[in-house]
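Let me begin by presenting the structure, written as structure tokens, before commenting on it.
The values are calculated or read from the model by the stated rules, or taken from the named source; none is laboratory data. In this text, all values refer to a predicted model and were calculated from it rather than measured experimentally. Cβ atoms come from the backbone with ideal geometry, glycine included; neighbour counts cover every protein chain shown.
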Amino acid sequence: MSDTMKAFKDPFVINNPIAVQVLGICSALAVTTQIKPAFTMAVAVTAVMGLSNLTVSLLRKQIPNKIRIIIELTIISTLVILVDQILKAYAYDISRQLSVFVGLIITNCIVMGRAEAYALHNPPIPALMDGIGNGLGYGVILVIVAFFRELFGVGKLLGKEILTSSPDAWGYKHSGLMVVPTGAFVIISLIVWVHHNYTKKFED
Amino acid sequence: MLELALKAIFIENMIFALFLGMCSYLAVSKKVDTSVGMGCAVWFVTTVTCPASWLVSNYFLKPGEQNLIGQLFNKPDLDLTFLTFVSYIALIAAMVQFLEMFIEKISAKLYGSLGVFLPLIAVNCAILGGSLMMNDKGFTFPEAAMFGFSGGFGWLMAIVVFAAIREKMQYSNVPKGMRGLGIAFLTCGLMAMAFMGFMGIKFPEKKAEASENPVAIVEAVEVETVDVKAVEVKATEDSVEVKAAEIKVDAPVQGDK
């Protein structure tokens, strides 16, 4: 049981997919201008990861080693098609906003990476927990980045106005920098800085 | 066409504006040599896969007359677009495998420099992202080919420049926690900011053919320049309706006006 818990808990801080494993950066940067799409993306990735890890782990003894990558890709893309169709049916606006990035969950390296590194060698239940844990660990970073970008970029949180831009009254003005790609890069780099200082693991 | 190419290389650069292929971008950019290899491989593959996936999407997936599967079963409205992801990824994986074998046959030298990167590329989001992006924008075939070519080139340029900066950065004194990943992101951010400068490039707008509007009816004379501050443009099958604040037509008078 402790193995399962460890698989679930590690990805949050100690082995965070974005800050430590450097996986799945593309979508973390692209969908984080607002909290809502970031949250949707996090849920979508968590669902895909949990299920793909479970499936790969169930099939791990049947999958021939030589063609394992194409099999994993097929499993993942089938799951992503499901997620994409569900999003199109129930949350069309958000699915438009996420545009190609729903499809890009297929090549999101976390999903493949965890299937390769964990699910292929471990029983289904820990694999499932590992998938969900990694999905959530990734989602936490996504939501943090989106929080700062939405709050300082347009002064809103979940579409509600929090900070009003009033250059005359108290000199506060929304920063356009947060909305453009640069803002995403800078915020992630700051998160990595805080994270590395917290875990005391430094790269040379 | 040139406009599309410039847009794909500079304004909508795959890395700095669309964040495609970030993982391999960060992982393989520690040395200029390897980054050139990786960049060329990506360039090569997008050039091939973008038009190829256009063909797949138009002749196998989208509903309509041209759909070959629809023709086979005599169902012209067969819509297989929900299979887009799985068919693209299969196409890309197959293409990459094929390219690898092809390069190995024709040039051992090229294989030596690109070969190691090719398997990595099947799961690089720049490739799939490029194809999906192309799908989203509704390009024609030549446009899709151009988009693949120039998008890949933009990626190559971005990774080589970044690798050169990272090589230099080894000698600088970076705060402990920022070393490695943190400073890489920050550099990317600064480069993205530099690339934002390209957003200012304005391409000449396609001139609207204003042949009829409620204020004045302009006969089809040889018009030299039309200067329109358009408020609203509505186009139907045979006419263009322009609600404009100001229209200046500069034309040589031919006979009665």
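Which one of these is among the hydrophobic types (A, V, I, L, M, F, W, C), in contact with an Asp or Glu (Cβ under 9 Å, 6 or more places away or on another chain) and away from every other protein chain (no Cβ under 14 Å): B:LEU114, B:LEU61? Being among the hydrophobic types (A, V, I, L, M, F, W, C), in contact with an Asp or Glu (Cβ under 9 Å, 6 or more places away or on another chain) and away from every other protein chain (no Cβ under 14 Å) holds for just one of B:LEU114, B:LEU61, which is B:LEU114.
Residue under question is B:PHE19, and the condition is that it be touching a helix residue (DSSP H, G or I) at 6+ places or on another chain (Cβ under 7 Å), under 30 Å from B:LEU186 (Cα atoms) and without any contact (Cβ under 8 Å) to a residue 40 or more places away in the chain; does it hold? Yes: the conditions hold for B:PHE19. Checking each residue in the stretch B:121-157 for being over 11 Å from the mean Cα position of the chain (by Cα) and either more than 20 Å from A:THR107 (Cα to Cα) or away from every other protein chain (no Cβ under 12 Å) (or both) picks out B:GLY138, B:THR140, B:PHE141, B:PRO142, B:LEU156, B:MET157.
Count of the stretch A:180-204 residues, restricted to those that are over 18 Å from A:TYR138 (Cα atoms) and facing chain B (nearest Cβ under 7 Å), is 7.
Tell me the residue from A:ILE94, A:ILE105 that is among the β-branched types (Val, Ile, Thr), closer than 24 Å to B:LEU128 by Cβ and within 14 Å of chain B (Cβ to nearest Cβ), please. Going through A:ILE94, A:ILE105 in turn, the sole match is A:ILE105.
Could you tell me whether any residue of the stretch A:51-71 is within 14 Å of chain B (Cβ to nearest Cβ) and at positive phi? Can you show your working first?
As a first pass, look at the stretch A:51-71 and keep what is within 14 Å of chain B (Cβ to nearest Cβ): A:52, A:66-71.
Restricting the remaining residues to those that are at positive phi gives none.
Among the residues of the stretch A:51-71, not one is within 14 Å of chain B (Cβ to nearest Cβ) and at positive phi, which makes the answer no.
Kindly check whether there is at least one residue in the stretch A:126-137 that is of a type outside the set (A, V, I, L, M, F, W, C), over 30 Å from B:GLU167 (Cα atoms) and assigned to a loop (DSSP other than H, G, I, E, B). No - not one qualifying residue is present in the stretch A:126-137.
Just to be sure, is A:LYS88 among the basic types (Lys, Arg) and assigned to a helix (DSSP H, G or I)? Reasoning before the result, please.
Numbers: among the basic types (Lys, Arg): yes; assigned to a helix (DSSP H, G or I): yes.
Here the answer is yes, as A:LYS88 does meet what is asked.
Go through the stretch A:176-202 and give me each residue that's loosely packed, with under 15 Cβ neighbours inside 10 Å and over 19 Å from the mean Cα position of the chain (by Cα). It would help to see each step written out before you state the result.
Applying the first criterion (loosely packed, with under 15 Cβ neighbours inside 10 Å) to the stretch A:176-202 yields A:176, A:194, A:198, A:200-202.
A:GLY176, A:TYR198, A:LYS200, A:LYS201, A:PHE202 - these are the residues of the stretch A:176-202 that are loosely packed, with under 15 Cβ neighbours inside 10 Å and over 19 Å from the mean Cα position of the chain (by Cα).
Quick one: would you say B:ALA108 is within 14 Å of chain A (Cβ to nearest Cβ) and among the hydrophobic types (A, V, I, L, M, F, W, C)? No. Only one of the numbered conditions (1) β-branched (Val, Ile, Thr); (2) crowded, with 19+ Cβ neighbours inside 10 Å; (3) within 10 Å of another protein chain (Cβ to nearest Cβ) is not met by A:THR74, and that is (2). In the stretch A:146-179, of all residues being at pLDDT below 85 and under 22 Å from B:LEU20 (Cβ atoms), the one that is farthest from the other protein chains (Cβ to nearest Cβ) corresponds to A:GLY153.
Test B:ALA163 against the criterion of being at pLDDT 90 or above and over 30 Å from B:ALA90 (Cβ atoms), and give yes or no.
Numbers: at pLDDT 90 or above: yes; over 30 Å from B:ALA90 (Cβ atoms): yes.
Taking the combined requirement at face value, the residue satisfies it.
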